[in-house]
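Notes to accompany the following structure.
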Amino acid sequence: MIDNWPLYLLVVAAVASGWWLGRRQPRKPSQSAGLDHYAGLNYLLNEEPDRAVARFIQDLKVNPDTLDTHLALGNLLRRRGDVEKAVVVHENILKYPVFEQDVIHQVQLELARDYLLAGLLDRAEKLLLELCQLRGAVRVDSLVLIIELYEREKDWQKAIMAGERLAVGDETEKYERAISHYYCELAMSHKAGKNIEAARLALRDGIGHDAKNPRTSLVLAELEIQEQRFPEAFKVLQRIKDQDPAYVPESLPLLRLVSERGGASVAQVQAYLEQCLLLVPSISIVLALAQRIREVSGDEAMSKFIANHLKRNPTIRGLTQLIDLHMDNTQGVAKQNLSILRSFAEALVANKPVYRCHECGFEGKKLHWHCPICKRWGSIHAIFGLEGE
Ligand SMILES: [Zn+2]
């Protein structure tokens, strides 16, 4: 019953409406609206919401006075996850030809939301394509919904076309970034299908829509690597520093590969990473540089380099690396104590998220280019600070 309290309130509202309308309108001999509404309430009290909703629809006739109550019920059912019943309520409203066009469009929009949530994508698309042709708020709302639909279907070409219609005014940056990611998605699928030329063209368009999208560089570098063009891959990866240095840590495995295959000298990679470190205090970049220092100057120099960075930007991952270095050069009880300290440090970050969305705060261990909660593109990056980068 506790879960049903909003439904309970609506049925109570329906009882009240029935009573009020009954007072306003002359009662027909067969009509017993008040009693019927009480029957609906009884269904609810007896934990039978299905029958309560059916009764509600049957008894509270749709008209301009009751429209808000019907819409509220439909939306409430959708929020509760009762999508099929929400569809019934919204479709029922449309059976009554008593409303202005703008009201009908609003109800159709709600119905499209129901279809989308129910996975009835064909029906949702058909309805939304009609609503997209209109003017005003309903056009924008239906384009936003149809983009959600195309994203779900991974129909990136259609998502691009809908996104271009929304990339105006204050929303330009948001949708240009989304379009850039749609092109990255297209490029990824072309790359998987070994259609390298199409993938390159898609990435070129992706850069055209958002030159600051670091994903375009990551995907293009993968293409160059696939084509054995390692110097070109190094050139492309270096763009990330200017696009968004917070994503440089994501490029480190590719940088390592490119360097190993002769695309860049160790000194070139080192110089690039030192520049990046001035822009972003990433422990992953510090550890990549530290590895190079170890190869050239040994453990002590590496240890000093990490310790210096940790003084300015302490992180548990950096501390763990430092402990490892000391453990390699320590024996007996001291080594055992360091091992305990290491386990403790590891436990501190074991279940911590690595990435966070700066729009909605969603956190996870994996980088999503598309936030699963707020649905923004390119809003998630590594968490910086003591427990993160
Ligand atoms: Zn988000």
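The values are calculated or read from the model by the stated rules, or taken from the named source; none is laboratory data. Given the structure is predicted, the values throughout are model-derived calculations rather than measurements. Note: ideal-geometry Cβ built from the backbone for every residue, glycine included; neighbour counts use all protein chains shown.
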Pairs, please: C-beta under 7 Å, at least 6 apart or cross-chain, first residue on the phi < 0 side of the Ramachandran plot and in region 67-85, second of a type in the set (D, E, K, R)?
71/110; 74/110; 75/110; 77/85; 78/113; 78/114; 83/114
Report yes if some residue within region 357-367 is more than 13 Å from the ligand (Cβ to nearest atom) and part of a helix (DSSP H, G or I); otherwise report no.
no
Looking at (1) assigned to a loop (DSSP other than H, G, I, E, B); (2) surrounded by fewer than 18 Cβ atoms within 10 Å (Cβ to Cβ), can you tell me which one residue 389 breaks?
(2)
Taking the condition surrounded by 15 or more Cβ atoms within 10 Å (Cβ to Cβ) and within 19 Å of the chain's Cα centre (by Cα), does residue 113 pass?
yes
Name the single residue, out of those in region 103-148 being small (Gly, Ala, Ser) and part of a helix (DSSP H, G or I), that is nearest to residue 374 (Cα to Cα).
142
Output the residues belonging to region 368-386 that are in a loop (DSSP other than H, G, I, E, B) and more than 13 Å from the ligand (Cβ to nearest atom).
383, 384, 385, 386
Give all pairs with beta carbons closer than 7 Å in which a residue from region 365-389 that is in contact (Cβ under 8 Å) with a residue 12 or more places away in the chain meets a residue that is within 8 Å of the ligand (Cβ to nearest atom) and among the β-branched types (Val, Ile, Thr); count only pairs at least 6 apart in sequence or on separate chains.
367/380; 368/380; 371/380
Taking residue 326 and the conditions (1) closer than 17 Å to residue 349 by Cβ; (2) part of a helix (DSSP H, G or I), which numbered condition does it fall short on, given that it satisfies the others?
(1)
Pairs returned, first residue in region 313-334 that is under 13 Å from residue 384 (Cβ atoms) and buried (at least 19 other Cβ atoms within 10 Å of the Cβ), second residue that is of a type in the set (Phe, Trp, Tyr) and at pLDDT 85 or above, beta-carbon separation under 9 angstrom, 6 or more apart or interchain, are 315/384
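How many residues does region 326-356 contain that are over 18 Å from residue 380 (Cβ atoms) and either within 14 Å of the ligand (Cβ to nearest atom) or among the aliphatic types (A, V, I, L, M) (or both)?
Of the residues in region 326-356, the ones over 18 Å from residue 380 (Cβ atoms) are 326-351.
If we keep only those that are either within 14 Å of the ligand (Cβ to nearest atom) or among the aliphatic types (A, V, I, L, M) (or both) as well, we get 327, 333-334, 338, 340-341, 345, 347-350.
Final tally of qualifying residues: 11.
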Restricting to region 314-332, count the residues that are among the hydroxyl-bearing types (Ser, Thr, Tyr) and farther than 12 Å from residue 286 by Cβ.
2
Being within 21 Å of residue 179 (Cα to Cα) and of a type in the set (Lys, Arg), is that true of even one residue in region 125-140?
yes
Suppose the filter is buried (at least 19 other Cβ atoms within 10 Å of the Cβ) and either of a type in the set (Asp, Glu) or within 24 Å of residue 243 (Cβ to Cβ) (or both); does residue 371 pass it?
yes
